[in-house]
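Accompanying notes for the structure given below.
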Amino acid sequence: MSRRARRRPPAAPDEHAGPDARRWRLQPLTLLPAVLAIAGMLLFAYPTVAAWVTQYNQSKIITTYASDVDSADPDAATQLAQAHAYNDALSVGAVLEANTNVPTGVGEGGDDTLDYDSILDANGAGLMARLRIPAINLDLPVYHGTSDETLLAGLGHLEGTSLPVGGEGTRAVITGHRGLADARMFTDLNQVEVGDTFVIEVFGEVLTYRVFDTKVVEPDETEALRAEQGRDLVTLVTCTPLGINTHRILVTGERVYPTPQADLDAAGNPPTVPSFPWWAVGLAAGFILVGLYVWRSGYPPRKRGTHTRTATPAATPDSDSTQPQVVSSGPNDVSQQFPDATS
């Protein structure tokens with residue numbers, strides 16, 4: 001028997017369908033949270049980004065320091081000799097007055113022919129030396145003087161104290177800011193402990209100092225930072241607490257003889273700071289998420305189609321079919337149980 005094909009009735013047309021139904025449109029209400037999210041990320045990341053940029057710029061200066069020394073005029077040997085002569089002629093010392101953050105150099109040079117600013121000037125801009133403190137991952141340039149401009153560019157050598165070229169009976173003082181929003185500088189100097197070392201690279205010389213004393217000076221105390229007979233000392237000075245700057249941190253190291261081979265081998269190497277800018281990866285991920293949010297919000301939400309289901313008519317036997325119909329019977333139907341009984 002052949003049956004007529006049954007066709008499913010066509011679905012009702014979706015009233016939302018159309019060429020513009022899913023077209024992207026900017027949703028103004030999504031702009032405010034997107035802008036706030038971006039502003040928040042930038043504000044939160046600013047100190048890290050600014051410090052990284054400052055470290056990067058300082059690392060470029062440090063990287064070129066060796067070549068600047070090689071091309072310095074007069075040459076490195078002459079300037080080192082002048083520095084030692086300056087120290088020999090200097091009545092060495094500094095005083096950290098009460099209620100001041102930067103020491104005052106009280107040394108006076110005995111040789112008028114030795115000009116402080118012209119000695120140990122590697123690049124004509126006052127670049128004197130390089131200071132590394134491995135314990136706090138610090139690597140910074142050291143400049144002449146302690147002016148505000150100098151201390152924003154790097155560390156400053158305090159005029160009136162020994163130049164940082166070593167020698168018995170000398171004490172150099174190096175100062176730096178702490179807690180700047182856009183630079184690390186001496187921010188972590190409070191983490192330096194007795195026994196740690198720091199290294200000064202100056203015109204081809206490598207001087208290693210081991211910390212033997214750290215102290216915090218009260219605002220109303222006066223501290224004398226003078227040279228000591230027979231000792232080669234360097235004192236690092238910064239302010240504390242962060243943001244208040246009423247006290248002073250003094251970290252003093254004494255020269256290590258001989259200079260450790262590891263420090264000699266590391267001399268002149270490019271700085272290891274700043275590290276990879278992971279903050280850039282975080283910002284990029286944040287911007288992408290904000291962009292996806294704005295993009296996805298521009299599409300209207302999908303709606304379910306309002307299709308109506310139609311009842312499928314019950315199958316009816318063909319009127320012209322010659323196939324005999326089989327009528328089901330009960331269990332007592334003799335013709336079903338005994339098909340030969342009716343014959």
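The values are calculated or read from the model by the stated rules, or taken from the named source; none is laboratory data. Everything quoted here is computed from the prediction, not taken from an experiment. No Cβ is skipped: glycine too gets one built from the backbone with ideal geometry, and neighbour counts run over all protein chains shown.
Output the qualifying pairs, or none if there are none: Cβ atoms under 6 angstrom, residues six or more apart or on different chains, first residue in the range 132-159 and farther than 20 Å from Gly268 by Cβ, second residue hydroxyl-bearing (Ser, Thr, Tyr) and not in a strand (DSSP E or B).
Gly156/Thr146; Gly156/Thr150; Leu158/Thr146; Glu159/Tyr116
How about the range 148-186: which of its residues are β-branched (Val, Ile, Thr) and surrounded by fewer than 23 Cβ atoms within 10 Å (Cβ to Cβ)?
Of everything in the range 148-186, just one residue is β-branched (Val, Ile, Thr) and surrounded by fewer than 23 Cβ atoms within 10 Å (Cβ to Cβ), namely Thr150.
Kindly indicate whether any position in the range 203-210 is in contact with a helix residue (DSSP H, G or I) (Cβ under 6 Å, 6 or more places away or on another chain), of a type in the set (Val, Ile, Thr) and in contact (Cβ under 8 Å) with a residue 24 or more places away in the chain.
Yes; the residues of the range 203-210 include at least one that is in contact with a helix residue (DSSP H, G or I) (Cβ under 6 Å, 6 or more places away or on another chain), of a type in the set (Val, Ile, Thr) and in contact (Cβ under 8 Å) with a residue 24 or more places away in the chain.
Report yes if some residue within the range 83-93 is loosely packed, with under 15 Cβ neighbours inside 10 Å and modelled with pLDDT under 90; otherwise report no.
yes
Tell me, which residue of the range 160-197 that is in a loop (DSSP other than H, G, I, E, B) and of a type in the set (A, V, I, L, M, F, W, C) is farthest from Glu149 (Cα to Cα)?
Ranking the qualifying residues of the range 160-197, first place goes to Val194.
Just to be sure I understand, how many residues within the range 221-255 are surrounded by 15 or more Cβ atoms within 10 Å (Cβ to Cβ), of a type in the set (A, V, I, L, M, F, W, C), out of contact with any Leu (no Cβ under 8 Å at 6 or more places or on another chain) and farther than 14 Å from Thr170 by Cα?
Residues flagged as surrounded by 15 or more Cβ atoms within 10 Å (Cβ to Cβ), of a type in the set (A, V, I, L, M, F, W, C), out of contact with any Leu (no Cβ under 8 Å at 6 or more places or on another chain) and farther than 14 Å from Thr170 by Cα within the range 221-255 amount to 1.
Residues of the range 253-276 being touching a residue at least 40 places away in the same chain (Cβ under 8 Å), farther than 9 Å from Thr208 by Cα and assigned to a loop (DSSP other than H, G, I, E, B), which ones?
Ala267, Gly268, Pro270, Pro271, Thr272, Val273, Pro274
So is Gly40 at pLDDT 85 or above and either under 30 Å from Trp295 (Cα atoms) or assigned to a strand (DSSP E or B) (or both) or not?
The answer is yes for Gly40.
If you check every pair at least six apart or on different chains, which have Cβ atoms under 6 Å apart with a residue in the range 115-126 that is polar (S, T, N, Q) first and a residue that is outside any loop (DSSP other than H, G, I, E, B) and surrounded by 12 or more Cβ atoms within 10 Å (Cβ to Cβ) second?
If the second residue must be outside any loop (DSSP other than H, G, I, E, B) and surrounded by 12 or more Cβ atoms within 10 Å (Cβ to Cβ), the pairs left are Asn123/Asp68.
Given the conditions (1) in contact with a helix residue (DSSP H, G or I) (Cβ under 7 Å, 6 or more places away or on another chain); (2) modelled with pLDDT of 95 or more, which single one is not true for Val234?
If we test Val234 against (1) in contact with a helix residue (DSSP H, G or I) (Cβ under 7 Å, 6 or more places away or on another chain); (2) modelled with pLDDT of 95 or more, just (1) comes out false.
For the range 210-231, give me the residue count where each residue is outside any loop (DSSP other than H, G, I, E, B) and more than 16 Å from Leu131 (Cα to Cα).
Residues in the range 210-231 being outside any loop (DSSP other than H, G, I, E, B) and more than 16 Å from Leu131 (Cα to Cα): 9 in total.
Being touching a residue at least 60 places away in the same chain (Cβ under 8 Å) and over 29 Å from Ala76 (Cβ atoms) is the requirement here; does Thr240 meet it?
Yes; evaluated as a whole, the condition is true for this residue.
Please enumerate the residues belonging to the range 213-242 that are touching a Gly at 6+ places or on another chain (Cβ under 6 Å) and under 17 Å from Asn190 (Cβ atoms).
The answer is Thr238, Leu242.
Could you list, in sequence order, the residues of the range 120-141 that are at pLDDT 95 or above, closer than 20 Å to Asp73 by Cβ and among the hydrophobic types (A, V, I, L, M, F, W, C)?
Once the filter is applied, which keeps residues that are at pLDDT 95 or above, closer than 20 Å to Asp73 by Cβ and among the hydrophobic types (A, V, I, L, M, F, W, C), the range 120-141 yields Leu120, Leu127, Met128, Ala129.
Hey, any hits in the range 58-67 for a residue that's farther than 30 Å from Gly298 by Cβ, surrounded by 13 or more Cβ atoms within 10 Å (Cβ to Cβ), touching a helix residue (DSSP H, G or I) at 6+ places or on another chain (Cβ under 9 Å) and modelled with pLDDT of 90 or more?
So far as the range 58-67 goes, yes, one or more of its residues are farther than 30 Å from Gly298 by Cβ, surrounded by 13 or more Cβ atoms within 10 Å (Cβ to Cβ), touching a helix residue (DSSP H, G or I) at 6+ places or on another chain (Cβ under 9 Å) and modelled with pLDDT of 90 or more.
Yes/no per residue for (1) over 26 Å from Gln55 (Cβ atoms); (2) of a type in the set (Ser, Thr, Tyr); (3) at pLDDT 85 or above:
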{"residue": "Gly230", "(1), (2), (3)": "yes, no, yes"}
{"residue": "Arg255", "(1), (2), (3)": "yes, no, yes"}
{"residue": "Pro258", "(1), (2), (3)": "yes, no, yes"}
{"residue": "Ala285", "(1), (2), (3)": "no, no, yes"}
{"residue": "Lys303", "(1), (2), (3)": "yes, no, no"}
